[in-house]
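The values are calculated or read from the model by the stated rules, or taken from the named source; none is laboratory data. Note that the structure is a prediction, hence the values are computed from the model and not measured. Neighbour counts are summed over all protein chains in view; Cβ atoms, including those assigned to glycine, are modelled from backbone coordinates with ideal geometry. Accessible surface is based on the protein model in full, side chains and every heavy atom, while ligands, DNA and RNA are left aside. Shrake-Rupley method; radii C 1.70, N 1.55, O 1.52, S 1.80 Å.
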Amino acid sequence: MTGAIAEATARVHGPLAPATLLARSNLAVALSGIGRTAEAVALGREVLRHCTELLGERHPGTISAGSSLAAALHQAGEFTEALEVGGSVVAAAEEVLGHEHPQTLGAMLNKAVHLWAADRRPEAVELERHVLGLRVRALGAGHPDTWPARNNLAHSLSARGDWAAAAVLHGLNAEHAAELHGPDHLFVLDSRCHRARALGSAGQAAETLTELAAVVARADALEVEPANRSNYRLRYALALDEAGRVADALELMREVAAELAARVGAEARKTLTVRSNIAFFLGKLGRPDEALTLQRELLEIHERLHGAKHPDSLAARASLAAVTFQAGRFAAAAALLAPVRAVRLAALGPGDPQVLTLTANLAATRSRAGFAEEAIEPEADVLARRAQLLGARHPETLWARSNLAASCRRAGRTAEAVGHARQAHLDALEAFGAGHPTTRQVAVGLADALRADGRAAEAAVLAGAEWSTALAEGAAGGPTAVQACTVLARTAHAEGRPDRVAALVAPALAAAADGLGLDHPDVLLLRHLSALATGSATEVGEVLAALAAALGDRHPSYLEAVRLGGAG
């Protein structure tokens, strides 16, 4: 429709008339929205060039064209250029329209988005605070034009890990919108969803699920637009997954995928993203072959549509690497991820946030694949960069420190491992509290480091607390629970207590069939301890053979299992 309007406008007014240029700028936005980012950027550049030549740099039409190009560049992953163009738009809007003009403020918010993507997060947050202050002063706290500014700031605070503050801002938006439009207005429902997600990130899973279930039910009763209903269901499915209800999340995510395929197309970007979530859920439910088959299909679609080096195709390959890692096939996952990082590194540089994430993931994957010593240097670099950019207690910084600790432990540098793991645990306790999922995972990592360093008693306290919680929650087969159980079982084995080993391992193995899967390397290590405890030489040999097949007969975990007991 937008393309037809642009063609009709050109026929009536001419190809370079202001109305035609505006229509073509709108077409660029539409192309970007459906994933045709290369066409959108090319068209946006052309429109901006014509507007600048014909109308001048400070003409409102040129300012609008610049904003459209910046948005297209952002969608294409060209964040540095998007920021450059977006900054020029702000400067022009301030000069022509004034500092507090709505279009200027909108351009500032867009610039903040580009700053965030370019990993200049403190600047982005300060700019968003500035814009919110201007909107409140000029229009009032409850004015509809103030809501988007508050919403953007809330999302940025969430991304920085300040979920409590974000939840407050989303709650304010819901209250103001309800006062003006009633409790069933779409912005109210959206704000309630955002607030619930922030609360979930802060560890308040029960309140999150209750609120999202209520929003989904209300949206269904009101028969709101299908796009909105899909978004609410998607957020609810993600929350169910985070709460450990993966089977329920999978069922709901499949409903969302079917609805999207029917409404926007089976190969639309959002449909493919939702199907990728389905692959992750399948992996979590111990169905790695289904997960890998699906994720390979999605990669083939992206590469057919866009080519192998398009950002969406690279992201799909990284997702395939993640599902492969999830299945315990660490060497294969590293082989998939390495070329993705190489392409993005060449295009964006080492400090780009996407490259930093890829660097962290590749190092952690190689560490699990048996190359822990090689992973330490890049993980230390990621930690330093994230601590500088995000602060010591940001979740990404905590995971960077925790990953570094794990690599140090695997490399035999146990004192360093304990130091890093203990610091990560202290930071997580201060940032999130003892019961938060992040804190619990970091605590088990510390327990593993302490066990490796010969501090079995201290390790058992931390691992025992997590194992007891996992049993109470019915989550004994999850990755964190399996790691906690392994710490306890290894300690009991070292103490010569086979009955204790068997009692510990039994519920983890029973639950792992629907979790990591019985052939996952981490579960195989538990199965090996169980076989040693029961004295079954045949089972010990079978498990060791499976472990060698999964990891290789030179992998440190396999060699450690052989040292514990069994023929290598």
| task | Enumerate the lysines that Lys309 could reach by cross-link, defined here as Cα to Cα under 23 Å, with residues fewer than 8 away along the same chain left out. | result | Lys270
| request: Positive end of the charge dipole of the chain (Lys, Arg +1 and Asp, Glu -1 on Cβ, about the Cα centre): tell me which of Val264, His194, Ala322 has its Cα farthest that way. | output: Ala322
| message | Rounded to the nearest 10 Å², what accessible area does Thr414 have for a 1.4 Å probe in the complete protein model? | response | 30
| request: May I ask you to work out the translational diffusion coefficient for segment 396-514 at 25 °C, viscosity 0.890 mPa s, via Stokes-Einstein with Rh from the Kirkwood sum over Cα pairs, reported in whole µm²/s? | output: 173
| field | Packing rank of 419-425, 494-500, where each peptide gets the mean count of other beta carbons within 10 Å, highest leading | value | 419-425, 494-500
| query | From Cα coordinates alone, what are the radius of gyration and Dmax values for segment 472-567 in angstrom? | reply | 12.3, 37
| message | How tilted is helix 186-201 with respect to the longest principal axis of the chain? Cα atoms for both, answer in degrees (0 to 90, nearest 10). | response | 30
| remark: Taking only protein heavy atoms and a 1.4 Å probe, the highest-to-lowest accessible-area order of Asp427, Asp289 is Asp289, Asp427
| field | Cα convex hull of segment 267-386 - mean projected area over all directions, nm² | value | 7.2
| said: Over segment 95-216, with the other protein chains present, what is the accessible area per residue in square angstrom, probe 1.4 angstrom? | reply: 41
| task | Please work out how much accessible surface Thr438 shows to a 1.4 Å probe, ignoring ligands, DNA and RNA, in Å² rounded to 10. | result | 20
| remark: Using the Kirkwood formula on alpha carbons, the hydrodynamic radius of segment 200-337 in angstrom works out to 15.7
| request: Just need the Rg to Rh number for segment 490-537, please, alpha carbons only, Kirkwood Rh. | output: 0.97
| request: Put one equal scatterer on each alpha carbon of segment 109-261, apply the Debye formula with no solvent term, and list log10 I(q)/I(0) at q = 0.11, 0.12, 0.17, 0.21 1/Å to two decimals. | output: -0.46, -0.54, -1.02, -1.30
| query | What number, rounded to the nearest 500 deg cm²/dmol, is the helix-based mean residue ellipticity at 222 nm of the chain, given -39500 (n - 2.57) per DSSP H run of at least four residues and division by all its residues? | reply | -27000 deg cm²/dmol
| field | Computed magnitude of the charge dipole of the chain (debye, nearest 20; Cβ of K, R +1, Cβ of D, E -1) | value | 460
| message | Tell me the volume per residue, in Å³, of the convex hull enclosing the alpha carbons of the chain. | response | 147
| query | How far is the Cα center of segment 170-245 from the Cα center of segment 483-502, in Å? | reply | 44
| remark: If one compares the long axis through the Cα atoms of helix 226-242 with the longest principal axis of the Cα atoms of the chain, the angle in degrees, nearest 10, works out at 20
| query | Just how large is the dipole of segment 472-567 about the Cα centre, in debye to the nearest 20, putting +1 at every Lys and Arg Cβ and -1 at every Asp and Glu Cβ? | reply | 260
| request: Send over a whole-number figure in Å² for the accessible area per residue of segment 369-451, probe 1.4 Å. | output: 39
| task | Measure out, as a whole number of angstrom, how far apart the alpha-carbon centroids of segment 317-365 and segment 122-145 sit. | result | 37
| task | Can you figure out the FRET efficiency of Asp289 with Arg263, using R₀ = 30 Å and their beta-carbon distance, to the nearest 0.05? | result | 0.50
| request: Give me the percent of the accessible area of the chain that comes from carbon and sulfur atoms, probe 1.4 Å, all protein chains in place. | output: 55
| message | Quick check on segment 157-221: take the gyration tensor over C-alpha atoms, sort the square-rooted eigenvalues as a ≥ b ≥ c, and tell me if it's rounded (a/c under 1.5), prolate or oblate. | response | oblate
